[in-house]
1. Okay, helix-only estimate at 222 nm for the chain: each DSSP H run of n ≥ 4 adds -39500 (n - 2.57), divide by all residues, round to 500 deg cm²/dmol; what do you get?
2. Got the relative contact order for the chain handy, in percent, Cα pairs under 8 Å and 6 or more residues apart?
3. Obtain the nm distance between the two label points defined at residue 106 and residue 75 by a simple spin-label model: each point lies 7 Å from its Cα along the Cα-to-C-beta direction.
4. Take the alpha-carbon positions of region 176-300, form their convex hull, and give its projected area averaged over all directions (one quarter of the hull surface) in nm².
5. Using the alpha-carbon atoms, what tilt in degrees (0 to 90, nearest 10) does helix 110-125 show relative to the longest principal axis of the chain?
6. Could you let me know the centre-to-centre spacing of region 42-107 and region 127-173, using Cα atoms, in angstrom?
7. For the ranges 183-194, 19-30, 263-274, what's the packing order if you count other beta-carbon atoms within 10 Å of each residue, average per peptide, and put the highest first?
8. Using Cα-only point scatterers and the Debye equation, what is log10 of I(q)/I(0) for the chain at each q in 0.07, 0.08, 0.09, 0.10 Å⁻¹, rounded to two decimals?
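Read-outs throughout are calculated quantities, based only on the coordinates presented, and are distinct from any laboratory measurement. Fair warning: this is a prediction, and the values are worked out from it, not measured in the lab. Note: ideal-geometry Cβ built from the backbone for every residue, glycine included; neighbour counts use all protein chains shown.
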Ligand code: PMV
């Protein structure tokens, strides 16, 4: 008999603070109702979706399989577009490790899961923050490096002299429209671009600090359920991210068209392509505008639970 375990984990969107969070500034991420599902069983050879594991094409899975004492047959299924800035790689690492721990019989708490999934991300993409993997592990809404009164402390994660504190934050019911540009934009080179800019230019350091301030104001607006202020801060954040060099024409077009019917809009995640988000009361109108400008829109709901075991059985 073979043990088979299925785990799922949500994607996320970053509502404020991407890039600046890499330098210890606050950021807020919300889990969304798009999930990654991983089904794992022990096998004689390592395979992914019926094919032999190819570590050059699947570096995340390759790294995780290296931590396994036995070869694994893995099946993955996702409703999170990959390279879209919606945390698909973090959801993959989180769901995979959640299933792998159960398969190994290891009792691992959420802090360890978020940390281990973060280390997989770090190994595969270099400099990164634990924002995505913490959001995918915990679900709902989280703040990294938020002030003490922003919510209950969940865990701290440290790497290379940086420590990020992760808090659970209460989020109001919100309708967000995601506009996917269709441009696959890997996170690593964009994080590297900001690092180079920040190293050579004082102005870029100021912008990172400014994003940090906007995010703190956004946490207060979320607390007060003040969507007007939150939306404005999101749009301001987009402007700063554009100056930092991580937006692109396609993202700007989608942000611009969404603003007619939204409280605010911005790129989400690493940028350079990927997706933007709009906070709105008129999701149909925003979806229509995004489609007309060549993007792929979808409405997301927040308040999504974190990583969980879906099935654990023998076959
Ligand atoms: O590309 P995403 O959605 O995984 O987001 C990356 C967010 C960054 O702040 C740019 C990097 C990070 O790891 O926090």
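1. Computed mean residue ellipticity for the chain: -12500 deg cm²/dmol.
2. 26 percent
3. 2.5 nm
4. 7.1 nm²
5. The angle comes out near 80 degrees.
6. If we compute the Cα centre of each part, the gap is 24 Å.
7. Highest-to-lowest ranking by the protection proxy: 263-274, 19-30, 183-194.
8. Result of the Debye calculation: -0.25, -0.33, -0.42, -0.52.
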